[in-house]
Amino acid sequence: MSIFKFILNKVPRPILIKLSYLARPFIALALKGSTYTDPIDGKSFRKFLPYGYETQRENVLSPSTLSLERHRLLWLYLQNETDFFKPELVSGSAKLKLLHFAPEQAFYKRFRKMENIDYTTTDLESPLADVKADICDLPFEDNSFDIIFCNHVLEHIPDDTKAMRELYRVLKKGGMGIFQIPQELDRATTFEDDSITDKKERAKIFGQYDHVRIYGRDYFDKLRSIGFKVDEVDYSASLSEEEIKKYCLTKGEILPVCYK
């Protein structure tokens, strides 16, 4: 077992987040180079780090922002295809209200500094959460947020239908949500099995010990059944092979861009 895999599986996530803040500058300095670039901060490295709770993916974890493939893809999409990073379009009390579940370190400080965003983070355990809350029972009024990011969260939630309904409830009419999940796009239907309780066995089957399902292509239709309009965006298809390699992206990953 690699040291990275051991740490991921043995160290509780809140502690892991705090430790990563301390280690990140030293790792980034050691891996400085020009082969791969993190588009979130523009820094380049000779290689990225491996990552994975069960199967380790090589060259995917950015040494500087600790972003993974999904974070960099989302950043590029928001930067190139939306008005998210254009503060000149929003002023004064017209700030966009953003709700961010389980805020990722790659985004947290950057979103917090944005002048066009009224930023709220939420999670049950994360030390970065402003509001400690259960995604299935949110303490927010109906139609509260213009944007919701809830990425790689729903696969942890036993009652994901209830969670999706809460996401729909608190999103404003005309608002946008992006709800990324681990994808097996060659799988037609989502797989769950609550009878599997051994952590090692769950990690082998679901990819991570605390995942409760493997989503298939029916994930997008389930979001639609809640009421969302869902655009299945294959943003990597608009990028060159050189860009996909340079930014260490997963070719063909679908962004579930949802509207109310």
Inset, instruction - Go through the residues of region 181-193 one by one and say whether even a single one is assigned to a loop (DSSP other than H, G, I, E, B), of a type in the set (Asp, Glu) and under 21 Å from Leu74 (Cα atoms). - result: yes
Inset, instruction - Report the residue count in region 149-203 for those that are among the polar types (S, T, N, Q) and crowded, with 16+ Cβ neighbours inside 10 Å. - result: 4
Legend entry - The lone exception for Thr161 - which of (1) in a loop (DSSP other than H, G, I, E, B); (2) in contact (Cβ under 8 Å) with a residue 40 or more places away in the chain; (3) out of contact with any helix residue (DSSP H, G or I) (no Cβ under 6 Å at 6 or more places or on another chain) it fails: (1)
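Inspect region 94-105 for any residue being in contact with a Leu (Cβ under 6 Å, 6 or more places away or on another chain) and either touching a residue at least 12 places away in the same chain (Cβ under 8 Å) or not aromatic (Phe, Trp, Tyr) (or both) and give the result as yes or no. Can you show your working first?
Initial filter on region 94-105 (in contact with a Leu (Cβ under 6 Å, 6 or more places away or on another chain)): 103, 105.
If we keep only those that are either touching a residue at least 12 places away in the same chain (Cβ under 8 Å) or not aromatic (Phe, Trp, Tyr) (or both) too, we end up with 103, 105.
Checked region 94-105: at least one residue is in contact with a Leu (Cβ under 6 Å, 6 or more places away or on another chain) and either touching a residue at least 12 places away in the same chain (Cβ under 8 Å) or not aromatic (Phe, Trp, Tyr) (or both).
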Legend entry - Identity of the residue in region 30-76, buried (at least 20 other Cβ atoms within 10 Å of the Cβ) and basic (Lys, Arg), that ends up farthest from Ile178 (Cα to Cα): Arg72
Legend entry - Which listed residue, of Ser62, Ser20, is under 18 Å from the mean Cα position of the chain (by Cα), modelled with pLDDT under 65, under 29 Å from Phe84 (Cα atoms) and of a type in the set (Ser, Thr, Tyr): Ser20
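Within region 222-257, how many residues turn out to be of a type in the set (D, E, K, R), outside any loop (DSSP other than H, G, I, E, B), farther than 30 Å from Lys173 by Cβ and touching a helix residue (DSSP H, G or I) at 6+ places or on another chain (Cβ under 9 Å)? It would help to see each step written out before you state the result.
Going residue by residue through region 222-257, those that are of a type in the set (D, E, K, R) are 222, 224, 229, 231-232, 234, 241-243, 245-246, 251, 253.
Subsequent filtering for residues that are outside any loop (DSSP other than H, G, I, E, B) retains 222, 224, 229, 231-232, 241-243, 245-246.
Right, trim to farther than 30 Å from Lys173 by Cβ and you get 241-243, 245-246.
After this cut, where a residue has to be touching a helix residue (DSSP H, G or I) at 6+ places or on another chain (Cβ under 9 Å) as well, the list is 243.
Residues meeting the conditions: 1.
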Inset, instruction - Return a yes/no flag: does region 131-146 have any residue that is surrounded by fewer than 16 Cβ atoms within 10 Å (Cβ to Cβ), at pLDDT below 95 and over 18 Å from Phe179 (Cα atoms). - result: no
Legend entry - Criterion violated by Ser34 - all others in (1) modelled with pLDDT of 95 or more; (2) among the hydroxyl-bearing types (Ser, Thr, Tyr); (3) over 26 Å from Cys150 (Cβ atoms) satisfied: (1)
Inset, instruction - Taking the options Gly216, Gly174, name whichever one is on the phi > 0 side of the Ramachandran plot and in the same structural domain as Pro103 (by TED's automatic domain parsing). - result: Gly174
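Every residue, every condition in (1) modelled with pLDDT of 95 or more; (2) at negative phi; (3) in a strand (DSSP E or B); (4) charged (D, E, K, R), yes or no:
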residue	(1), (2), (3), (4)
Leu98	yes, yes, yes, no
Phe111	yes, yes, no, no
Glu115	no, yes, no, yes
Thr121	yes, yes, yes, no
Ser126	no, yes, no, no
Ala129	no, yes, no, no
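The values are calculated or read from the model by the stated rules, or taken from the named source; none is laboratory data. Bear in mind that the values here come from a model prediction, so they are computed numbers and not experimental data. When we count neighbours, we look across all protein chains shown, and the Cβ atoms used for this are built from the backbone with ideal geometry, even at glycine.
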